[in-house]
Amino acid sequence: MCIRDRRRVHGLFLSNGIIGVPKTFLRRSNINTRFKTICCNLTLEQDVVDTSKVEIAKALTKLRKMERRYAGEHVDCIRKMLGSVPEPFASLPSLDYDFPMATEVTRAVISDLYYNIMANIQEYRVHCDKYKRLLREGLFIQRLVDSVNRNLNYIDEPSRKQPLNFWDKCIDSLYFLWHKSIQPKLCLAIAVIAIIYGIIITVGECSLLWPKAHQYLSPIGYLLDLSNNYVTIVLITVPSLGMFIAYTYYGLFNFKLSKFYGLYPHKQTAPSCLVYSGLYTAKLAFPICSNYLLLVNMKNVNGGLSKPVFE
């Protein structure tokens, strides 16, 4: 893939990050909004888990009917596939439904059913894990809100032990203060900074379509032109380039295609997805640098626009 094609891919991930980063931190800056979002996501995850379980049962029912109805060389293959389905999915009961059966059983038909089973098992595990994490987070926020309403200076948890000394009480109070006041305000500050940088980057990227106006519509490039010492250049470049990288990799790591690609916690990510994300993490380094140099309107010693060596 040439640098120009990679730059287009980088633009897709960058635009996703410019929208996604402020949105994520804005949701976390308000406890009530965060709780409502979790409740909505819990409902969606429960629907996906139930749908995946039904699809697994449908595919298992078809394979079992094929095993009973068709005799021949494919019976051993069907039995091996049924035997390789992990528990507790292998013990799911067959559905009382008359599925349309294929007139001729081929290895391709059996393989498609088996792939459907394994893909839905993976999706079931991913969304079941996400459902449990959301449920824990929702219960924690509910306890936090209850503690605030009761004017407590600690989070009242069922397993909470009575503090034995002064230092334990201080730790409980700081933990409560962090989740009640400090974390929401910090998330709000990060969201505001992300919105400002997102607007600056968006205006700068759009102004690349008009080269004559670009030097006036790129605030980062304008500040770099005014800088006359190394420290000022570093103070301008490091935060802006850091946000540029954060937007891009946020878009990359949060990009998901159902049953095909996605990065998930707790070892739920498929090996192929890990390889793909690592590959693109390295591949996007060059278009990030190239795009950033164009964004800041970097000039060479002759006063013209500077181009990287890999262009």
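None of the figures in this text is laboratory data; all of them are computed from the coordinates on show. These numbers were taken from a predicted model, which means no experiment stands behind them. We place every Cβ from the backbone using ideal geometry, glycine too, and count neighbours over all the protein chains shown.
Structure above, values below:
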item	result
Segments 129-136, 288-295 sorted - mean Cβ within 10 Å per residue, highest first	288-295, 129-136
Inter-probe distance in nm under a simple model that places probes 7 Å from Cα toward Cβ, at residue 186 and residue 46	3.2 nm
Gain on full stretching of the segment that runs from residue 33 to residue 233 - 0.36 nm per residue minus C-alpha separation	68.1 nm
Of 132/185; 23/185; 62/130, those spanning more than 20 Å from alpha-carbon to alpha-carbon	132/185; 62/130
Two-site label geometry, residue 166 and residue 260: point separation in nm, points 7 Å out along Cα→Cβ	6.3 nm
